[in-house]
Amino acid sequence: GATLTSIVIMAGGKGERFWPKSRINLPKQFLSLTDDGKSMIQHTVERLKDIVEFENIYVVTNELYKGLVSDHIPSIPKENIIVEPVAKNTAPCIGLAAIHIAKKNPDSKMIVLPADHLIKFNEIFTDTLKTALDIVEKGENLVTIGITPSYPETGYGYINFKRGDSLPSIKNVYEVLKFEEKPNIEKAKEYLASGQYLWNSGMFVWKTSTILNNFKEHLPRIYQGLEIIEKSIRTDEYEEVLKKEFVKLPSESIDYGIMEKAKNIYVVPGNFGWDDVGSWLSLERIKKSNQDGNVINGNVISIKTKNTVVQGSDKLIATIGLEDIIIVDTEDAILICNKDNTQEVKEVINNLKICNRTEYL
């Protein structure tokens, strides 16, 4: 049937691994990490224009970023910016969006996307989502987009799928056997070699009613809270009820809470040049490097420097004899980090919190 499709963009994250550029008041999804000067959330919305009208795009974010979302994507109606009073991981976030959409359109389909991923081939991306929407049309199916792995990454969850098309009428669709947590390097190599695993991209497609039924079955506590909130949508009590009820919800990821337990889960492999831009290391994949393998931005002189990322601005940065280093310069902070340690930028944040040096957060 001609059911409406709504898209939910999750944009509440703090982007801590992109410190010192990413700060509490300007996190990663609002930064431009590409050379065209557009922010990641702007890219995310732009690539959806062939799938839905802007009035069917919703953004879930937190109080702090409501204004930023409006500034970056003025084409989205203000009432489609859904604010979470506190961060409670992905399940409550997706549930909150689902009740807003269900209230407006109980028969709708729903696509859930992170705000801060990069995608090279938009047409292939659009086709992949359309395939997922076809699967959802066929029944109470939950669909995830898996990424064909290109190297043994240990920072992603993996999806183990069953070979052989699972729905005869739709090509390139597989039944999900199991979601696997982030593996160690040995396991990651096994997964890659077997050809039976995809990266879990955190993109989902389903009917709004299907996901709400799954909340009811697998996350009843969250479902009960959502029901109370849902009754108050578009009334004067909404803000108050939301604050009171959302805080009580358990913090739970959609993967753990629902995807690992549910039935009828399918995966569509995506080959659209995806990058989740998880750390400063990603810049090597998304930006051009020069003949020494350096990725350089800003006012930089590099001598005998190899495979190094330097993100500067006006101040001159000179590097001599460096290899495999990341340097990020901002007005009030400089990060200098070995490539192997990019995930530990979070430790810096924790230290700053403990020392109460909030001006750098």
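Compute the convex hull volume of the Cα atoms of region 1-127, divide it by the residue count, and report the result per residue in Å³ as a whole number. Please list the in-between numbers first.
Details: hull volume 14.2 nm³, N = 127.
Looking at region 1-127, the number lands at 111 Å³ per residue.
Place the peptides 285-291, 172-178 in order of packing, highest mean first, counting for every residue the other Cβ atoms within 10 Å and averaging per peptide.
Details: 285-291: 11.6, 172-178: 17.6.
Answer by packing, highest mean first, reads 172-178, 285-291.
Given the convex hull over the Cα atoms of region 246-354, what projected area results after averaging over all orientations, in nm²?
Over all viewing directions, region 246-354 projects a mean Cα-hull area of 11.4 nm².
Relative contact order for the chain: what percent, with Cα pairs under 8 Å and sequence separation of 6 or more?
On the way: 693 pairs, mean separation 68.8, N = 361.
For the chain, the relative contact order is 19 percent.
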Using 0.36 nm per residue of separation minus the Cα-Cα distance, give me the extension gain between residue 75 and residue 3 in nm, one decimal.
-> 23.7 nm
May I have the count of lysine pairs in region 220-361 with C-alpha atoms under 28 Å apart, counting pairs 8 or more residues apart or located on different chains?
-> 29
For region 62-124 versus region 302-346, the gap between their alpha-carbon centres in whole angstrom | 34
Taking every Cα atom in region 282-341, find the radius of gyration and the maximum pairwise distance Dmax, and write them in Å.
-> 10.5, 31
Would you mind calculating the gained length between residue 130 and residue 323 on full extension (0.36 nm times residue separation, minus the Cα-Cα distance), in nm to one decimal?
-> 65.1 nm
Considering only protein heavy atoms, what is the solvent-accessible area of residue 179 at a probe of 1.4 Å, reported in Å² to the nearest 10?
-> 20
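Divide, for region 1-76, the radius of gyration over alpha carbons by 2.2 N^0.38 Å, where N is the residue count.
Values: Rg = 13.3 Å, N = 76, 2.2 N^0.38 = 11.4 Å.
Against the compact-globule rule of thumb, the ratio is 1.16.
Dipole magnitude of region 183-269 about its Cα centre, charges +1 at Lys/Arg Cβ and -1 at Asp/Glu Cβ only, in debye to the nearest 20? Show your work: numbers first, answer last.
Details: 12 positive and 13 negative charges, 46 e Å.
For region 183-269, the charge dipole is close to 220 debye.
Relative contact order of region 136-182: what whole-number percent is it, with Cα pairs under 8 angstrom and at least 6 residues apart?
Values: 47 pairs, mean separation 15.7, N = 47.
Relative CO of region 136-182 lands at 33 percent.
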Starting from the Cα of residue 193, move 7 Å in the Cα-to-Cβ direction to define the label point; list residues of region 150-185 whose amide nitrogen is under 16 Å from there.
-> 151-153, 184-185
Reported to the nearest 10 Å², residue 48 has, with a 1.4 Å probe, an accessible area equal to 0
With runs of 4+ DSSP H residues as the only contributors, calculate the mean residue ellipticity of the chain at 222 nm using -39,500 (n - 2.57) per run, divided by the residue total and rounded to the nearest 500.
-> -8500 deg cm²/dmol
How far apart, in nm, are two points set 7 Å out from the Cα along the Cα-to-Cβ line at residue 36 and at residue 347?
-> 3.7
Per residue, the convex hull enclosing the Cα atoms of region 39-97 spans a volume in Å³ of 88
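Suppose a student asked you for the relative contact order of region 112-237, using Cα pairs under 8 Å spaced at least 6 residues apart; what percent would you report?
On the way: 157 pairs, mean separation 38.2, N = 126.
That works out to 30 percent.
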Could you tell me what fraction of 2.2 N^0.38 Å the Cα radius of gyration of region 81-224 comes to, as a two-decimal ratio?
-> 1.11
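Whole number please: convex hull volume per residue, Cα atoms of the chain, in Å³. If you can, show how the numbers build up before the last one.
Details: hull volume 53.6 nm³, N = 361.
Cα convex hull per residue, to the nearest whole number: 149 Å³.
The values are calculated or read from the model by the stated rules, or taken from the named source; none is laboratory data. Predicted, not measured: the structure shown is a model, and the values here were computed from it. FYI the Cβ positions are ideal-geometry reconstructions off the backbone, even for glycines, and counts take in every protein chain you see. Surface accessibility is based on the protein's heavy atoms, side chains included, excluding ligands, DNA and RNA. Shrake-Rupley method; radii C 1.70, N 1.55, O 1.52, S 1.80 Å.
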